[in-house]
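Enquirer: Dropping the structure in here first, questions after.
The values are calculated or read from the model by the stated rules, or taken from the named source; none is laboratory data. All figures in this text were calculated on a predicted structure; none of them were measured in a lab. Glycine gets a Cβ as well: all are built from the backbone with ideal geometry, and neighbour counts include every protein chain shown. Note: areas computed on protein heavy atoms with side chains; ligands, DNA, RNA excluded. Shrake-Rupley method; radii C 1.70, N 1.55, O 1.52, S 1.80 Å.
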Amino acid sequence: MTVTSDHATRLSSFYEQALDSLGLEDPTLYGLLNDELGRQRQTLALVASCSPVTPAALLAEGSIFANVTAEGYPGRRFHAGCVNVDQVERLAVERAKKAFGARYANVQPHTASTANQVVMMSLLRPGDPILGLDLDAGGHLSHGASVNISGRVFAAHSYGLGPDGLIDYEELRAKALAHRPRLIIAGTTAYPRTIDWAAFRAVADEVGAFLLADITHIAGLVVAGLHPSPIPHAHVVTTCTHKQLYGPRGGLILLGESADMRLPDGRTLEQTMQSGLFPLIQGAPVVNSIAAKAYAIGAASTPAFAETMSRVRVLAAGLAEHLMLRGVRVISSGTDNHIVVADVRTSFDITGVNAEKALEECGILVNKNRIVGDVHSARVTSGVRFGSNSMAARRFDADDLAEVAELVVEILAATADTSDTTYVLDSAVRAHAQRRVQQICHRRPIAGY
Ligand code: DSN
C-alpha cells in the first residue's frame, strides 16, 4: 500500500492530539517521558539485553491496535472487529517465517519467557526432567532456574562451561545420559561464543529429548546469517523481539521441518505450539505489539539491518580486544557475538555491582553478571556484561569504540570498593569521563531519537 497524504495526515493528527493531551492532562507522566528521552540520548547503553527500539516500531506498538480484543488466530477469532488485526498478524507471521527460514511462526508470545513456558507446558508433564545451561555459566532463568516456574514445575538439571569458557559438550552429554531429560535447552544470556546446534541435537537424539533453542540474545545475528541458525536442528526455537531485533518487548515461537512432526497424541508439533500458546498459556494477544513485531521483523530482513549486525560483531570483538590489551580478564578470551563478559574482581579488585554503579555515574550502562565459580551473589557478582547492540545502532566506528574501552578501564581502575556494594570513584576521573561520554553521545545520536 502506498502511503497517501490522506493516510499520513490522519495518523499524524491522531498522534499530535495524543501528545497534546498527554502534556495537558498528565504533565507528570509527560515530564517523565521527556526526562527518559533525554537520559537515553545522553547515556551509552552497553546492556547486552537491550537496544533502542526503532521509532517506527514504537509508533506501531503505541497504536490503536491496542483497542482490539482478538482471542484466537487469524480467521478463527473469538471476537468481532478483527479484519485489520488478522492482516497484521498474518503479515508478522509471514515476515517471521521469511526472516528466520521457518515453516511456522507464532507471533503471539508476550515474552520469550512465556514462549519457553508454552514449549515446556505443551511438550512435558510436571516433574519431567529438563536440562539447561547453568545461570552462572550464562543461562537464563526460564531454562530451569530454581527461582523460576520452570525450575519449580520440572526437575531441572544444568550443564556448564569448560575451563576455556566454552560450553562443555562432553559434560552436556554426560548430564543428559545421567538425567535422561525430556527437554534440552540450548540458549544463553551471557555466553559470548557460537553455539553448536548440531552437537546439541545429537545429544538430544541420543537420549530421546526435545531440543529447544532459545536465541533471544542472538536473533539478529541469526537473521543476518552471522550466527548459524538453529532452525534445521532444534525441534522448537524461541526468541524475543526486543534484544537484537530492535523491536517491541515480545516473543516468537518458530519451527522448521519439525512443524510436521507427529507427537504421541497424533497431533503435529505445529498444532501443539498453536494450542500451547492459546488457550493453554495465554488469552488474547497484544495486537499492537504484534504490529510492532511485523515492522521490526520486516526491517530485520533488509541490507541495512545486516550491516548493523555486522557492526554489532565487529564492535564487540573490538571491545574484548581493547579490554584484554589493557589487562582485563575477559571470559572465554573474546566473543563471537555481541556480548563481552569481564571479570572485574580479578581485574580491578572490585565487585560487579560497584563496577556497574561507577560506570553508570559516568553515563555508561552495563549490568553486573555472575561468572563461573562466582563467590558473590547475583546482587553483587564478580563480573560485568557488556553488549554492542546499542553502539551499533549509534553507528560507532573503531575510534568511538577505542574511546569507550579506554574510558571503561579508566573508570574501573579509579574505583575502589569500600564494601561489596559501596565504593569510591576518583572525582577527577568521574568528571572527565562524564564529559567525554556526553561528547560521544552528541557525536553519535541514536537514529531517530
Ligand atoms: N534475560 C535478561 C538479560 O539477558 O539481561 C533480561 O532480559
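Enquirer: Go through the stretch 328-399 and tell me which strands (runs of 3 or more DSSP E), entirely inside it, have 1 or more residues that are among the polar types (S, T, N, Q).
Expert: Values: elements: 339-343, 367-369, 383-387.
Result: 367-369.
Enquirer: Would you mind stating whether residue 253 is farther than 23 Å from residue 276 by Cβ, touching a residue at least 60 places away in the same chain (Cβ under 8 Å) and touching a strand residue (DSSP E or B) at 6+ places or on another chain (Cβ under 9 Å)? Break it down stepwise before answering.
Expert: On the way: farther than 23 Å from residue 276 by Cβ: no; touching a residue at least 60 places away in the same chain (Cβ under 8 Å): yes; touching a strand residue (DSSP E or B) at 6+ places or on another chain (Cβ under 9 Å): yes.
Against the criterion (farther than 23 Å from residue 276 by Cβ, touching a residue at least 60 places away in the same chain (Cβ under 8 Å) and touching a strand residue (DSSP E or B) at 6+ places or on another chain (Cβ under 9 Å)), residue 253 does not qualify.
Enquirer: Moving to a separate point now. What number of residues within the stretch 100-134 are part of a loop (DSSP other than H, G, I, E, B), open to solvent by 10 Å² or more (accessible area, probe 1.4 Å) and either of a type in the set (Lys, Arg) or in contact with a helix residue (DSSP H, G or I) (Cβ under 6 Å, 6 or more places away or on another chain) (or both)? So that I can check it myself, show each step before the final result.
Expert: Taking the stretch 100-134 as the starting set, the residues that turn out to be part of a loop (DSSP other than H, G, I, E, B) are 101-103, 107-111, 124-128, 134.
If we keep only those that are open to solvent by 10 Å² or more (accessible area, probe 1.4 Å) too, we end up with 101-103, 110-111, 124-128, 134.
Applying the additional criterion that residues be either of a type in the set (Lys, Arg) or in contact with a helix residue (DSSP H, G or I) (Cβ under 6 Å, 6 or more places away or on another chain) (or both) yields 103, 125-126.
Residues in the stretch 100-134 being part of a loop (DSSP other than H, G, I, E, B), open to solvent by 10 Å² or more (accessible area, probe 1.4 Å) and either of a type in the set (Lys, Arg) or in contact with a helix residue (DSSP H, G or I) (Cβ under 6 Å, 6 or more places away or on another chain) (or both): 3 in total.
Enquirer: Another question, then. Starting from the stretch 155-171, keep only residues that are within 18 Å of residue 201 (Cβ to Cβ), then list their pairs with residues that are among the β-branched types (Val, Ile, Thr) whose Cβ atoms are within a distance under 8 Å, requiring at least 6 positions of separation or different chains.
Expert: Qualifying pairs under 8 Å: 159/167; 167/195; 169/203.
Enquirer: Another question about this same structure. Tally the residues that are aliphatic (A, V, I, L, M) and surrounded by fewer than 24 Cβ atoms within 10 Å (Cβ to Cβ), restricting the search to the stretch 296-308. Even if it seems obvious, please write down each step before you answer.
Expert: Residues of the stretch 296-308 aliphatic (A, V, I, L, M): 296-297, 299-300, 304, 306.
Cutting the leftovers down to surrounded by fewer than 24 Cβ atoms within 10 Å (Cβ to Cβ) gives us 299, 304, 306.
Of the residues in that region, 3 qualify.
Enquirer: Any idea which residue in the stretch 53-69 is farthest from the ligand (Cβ to nearest atom), counting only those that are part of a loop (DSSP other than H, G, I, E, B) and surrounded by 18 or more Cβ atoms within 10 Å (Cβ to Cβ)?
Expert: The initial filter retains those residues of the stretch 53-69 that are part of a loop (DSSP other than H, G, I, E, B), namely 53-54, 62-63, 68-69.
Add one more test, that the residue is surrounded by 18 or more Cβ atoms within 10 Å (Cβ to Cβ), and what stays is 53-54, 63, 68.
Working: 53: 14, 54: 19, 63: 24, 68: 28 Å.
Within the stretch 53-69, the match that is farthest from the ligand (Cβ to nearest atom) is 68.
Enquirer: If only one of 252, 245 is modelled with pLDDT of 95 or more, closer than 27 Å to residue 169 by Cβ and either of a type in the set (Lys, Arg) or within 16 Å of the ligand (Cβ to nearest atom) (or both), which one is it?
Expert: On the way: 245 fails: closer than 27 Å to residue 169 by Cβ.
Only one candidate qualifies: 252.
Enquirer: Can I ask one more? So which pairs qualify, if the first residue must be in the stretch 49-66 and touching a residue at least 60 places away in the same chain (Cβ under 8 Å), the second must be within 16 Å of the ligand (Cβ to nearest atom) and of a type in the set (Phe, Trp, Tyr), the Cβ gap must be under 8 Å, and the two must be at least 6 apart or on different chains?
Expert: 51/246; 52/246; 53/246; 54/246; 57/246
Enquirer: List the residue pairs whose Cβ atoms are under 6 Å apart, where the first residue sits in the stretch 419-433 and is in contact (Cβ under 8 Å) with a residue 12 or more places away in the chain, the second is of a type in the set (Val, Ile, Thr), and the two are 6 or more positions apart or on different chains.
Expert: Going by the 6 Å Cβ cut-off, the qualifying pairs are 420/351; 420/380; 421/353; 423/415; 425/415; 433/411.
Enquirer: Within the group 312, 287, which residue is of a type in the set (Val, Ile, Thr) and either open to solvent by 10 Å² or more (accessible area, probe 1.4 Å) or away from the ligand (no atom under 16 Å from the Cβ) (or both)? Walk me through it before giving the result.
Expert: Working: 312 fails: either open to solvent by 10 Å² or more (accessible area, probe 1.4 Å) or away from the ligand (no atom under 16 Å from the Cβ) (or both).
Answer to the selection: 287.
Enquirer: Residue check, residue 215 against (1) more than 30 Å from residue 51 (Cβ to Cβ); (2) within 16 Å of the ligand (Cβ to nearest atom), all met but one. Which one?
Expert: (1)
Enquirer: Out of all the residues in the stretch 70-78, is one or more more than 16 Å from the ligand (Cβ to nearest atom), in contact with a His (Cβ under 8 Å, 6 or more places away or on another chain), of a type in the set (D, E, K, R) and open to solvent by 30 Å² or more (accessible area, probe 1.4 Å)?
Expert: Yes, that holds for at least one residue.
Enquirer: Do you know which of the residues in the stretch 431-449 that are surrounded by 18 or more Cβ atoms within 10 Å (Cβ to Cβ) and touching a Cys at 6+ places or on another chain (Cβ under 8 Å) is farthest from residue 36 (Cα to Cα)?
Expert: Applying the filter and picking the extreme gives 433.
Enquirer: Still on this model: Taking the condition of being surrounded by fewer than 20 Cβ atoms within 10 Å (Cβ to Cβ) and among the hydrophobic types (A, V, I, L, M, F, W, C), how many residues in the stretch 362-400 meet it?
Expert: 6
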